[in-house]
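Peer 1: Here's a structure for you.
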Amino acid sequence: MQAEELKQKYDRFLVTEFTVFDIETSGLDPVRDEVLEIAGLKMRGPEIIDRFEQLIQPTRGIPPEVEKIHGLNEFFLLVNGRSAKEVMDEFLKFIGETIIVGHNIKEFDWLFVLNHLRKHRLGLPRNKLIDTLELSRKLLPLPQHTLTNVAKYFGHEHKNAHRAMADVEVNAKIFVELMEKMLKV
């Protein structure tokens, strides 16, 4: 790619709106298991312009081995969460027509969101997706491309891994770094 073409792409990146998001779930099956927490940062280029963070009340028990991963238990979620339908409807409005960004979203997070939207008859968005896992695999010489490893590569600390907003905040930084590396800025 020519330098001028890269500059144009980077200039477009600076004014484009993205939503970096993450979820925590009750398991690994997007059809059977539930979203328990969802968070997002709306960005214009590298600038954060809005936040979304919600807990969701489970309708079934959370397996103890899953609770150990993210620390979310049924009692806490029933007291502090809201219905999946309400939260997903608000999330749909929050993302609007932004480009959706996440780490492994094509194989995990987005599948859960789409299933919840179908289940609650909320309509399916047609947003474009950017998966930072795919980008990191193309751009970085790492043996494993976990969010924590990619964060470490760029010198970012990944505290509170497996909580939605903590993961989103570190992934937003990673996303900007990956875009700059890809566009060689």
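Each value in this text was obtained by applying a stated rule to the coordinates, not by laboratory testing. Bear in mind that the values here come from a model prediction, so they are computed numbers and not experimental data. Note that we place each Cβ from the backbone using ideal geometry, even for glycine, and neighbour counts take in every protein chain shown.
Peer 1: If you take every residue apart from PRO63 with its C-beta less than 11 Å away from the C-beta of PRO63, what net charge results, scoring Lys and Arg +1 and Asp and Glu -1?
Peer 2: -2
Peer 1: Next question. Compute the acute angle (0 to 90°) between the alpha-carbon long axis of helix 3-15 and the principal axis of greatest extent of the alpha-carbon atoms of the chain; round to the nearest 10°.
Peer 2: 30
Peer 1: Moving on. Tell me, what ³J(HN,Hα) does each residue in the stretch 125-134 have, in order and in whole Hz, if you take phi through Karplus 6.51 cos²θ - 1.76 cosθ + 1.60 with θ = phi - 60° and put x for Gly and Pro?
Peer 2: x, 10, 4, 6, 10, 10, 9, 5, 5, 4
Peer 1: So for the chain: antiparallel DSSP bridges make up what percent, rounded to the nearest 5?
Peer 2: Restricted to the chain, the bridges split so that about 70 percent are antiparallel.
Peer 1: Between ARG121 and VAL79, how many nm apart are label points set 7 Å from Cα along the C-beta direction?
Peer 2: About 3.5 nm, to one decimal.
Peer 1: Under 14 Å Cα to Cα from LYS159, which aspartates and glutamates show up? Leave out anything in the same chain fewer than 8 places away.
Peer 2: Within the straight-line cut-off, LYS159 pairs with ASP167, GLU169.
Peer 1: Reachable lysines from LYS119, Cα under 21 Å, same-chain residues fewer than 8 places away excluded?
Peer 2: LYS85, LYS93, LYS106
Peer 1: If you don't mind, another one. Test of understanding: given the chain, find the longest segment containing no trypsin sites (Lys or Arg not before Pro) that are in a DSSP loop and have at most 15 other Cβ atoms within 10 Å.
Peer 2: Answer - 61-120.
Peer 1: Taking Cα atoms, how many degrees apart are the long axis of helix 84-95 and the longest axis of the chain, rounded to 10 and kept between 0 and 90?
Peer 2: Roughly 20 degrees, rounded to the nearest 10.
Peer 1: While we're on this one: Rounded to whole Å and ordered largest first, report the semi-axes of the equivalent ellipsoid of the stretch 120-185 derived from its Cα gyration tensor (root of 5λ).
Peer 2: That gives 23, 17, 11 Å for the three semi-axes.
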